[in-house]
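Beneath this line is the structure, given in C-alpha cells, with notes to follow.
Quick note: the coordinates plus some simple rules give every number you see, no bench work behind them. Keep in mind the model is a prediction, meaning the values are calculated, not measured. Backbone-built Cβ (ideal geometry, glycine too); neighbour counts: all protein chains shown.
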Amino acid sequence: MITIPQISIPVLSKTVQNKACSTRFPVNRIYCIGRNYREHAIEMGHNPDREPPFFFQKPSDAVVHTSSGASSSSAAAVVPYP
C-alpha cells in the first residue's frame, strides 16, 4: 500500500475594510445576480419578460481595491466591459 502525505496549502483571501470601523473582513466568495433589472436584461439582448435573473459567483481575487482617498463616485480603476 502506498501512502501519500496530505499537504495543507493556505488560501490567501482578500480583505475589505468596513468604513464604520477599522476592522478588515476576509472575502471568500462574491455572489452576483445577472439581469436583475429590466434595462440590464435588454442591454444584454435578453427578454426580461421571459427570462428570470440568474445567480453566479466570482472568485475573491475579483475584488479591486481603490486608493484610500477615493470615494465610490470617483473612478479609481478602469475595468473594461466586453
- Treat each spin label as a single point 7 Å out from the Cα along the C-beta direction, and report the residue 17 to residue 50 distance in nm. 4.9
- Task: Go through the stretch 14-23 residue by residue and turn each phi into a ³J(HN,Hα) via Karplus (6.51, -1.76, 1.60, θ = phi - 60°); whole Hz please, and just put x for glycine and proline.
- Result: 6, 10, 10, 9, 7, 5, 7, 8, 8, 6
- Message: Could you give the length gained by full extension between residue 43 and residue 7, i.e. 0.36 nm per residue of separation minus their alpha carbon distance, to one decimal place?
- Response: 8.3 nm
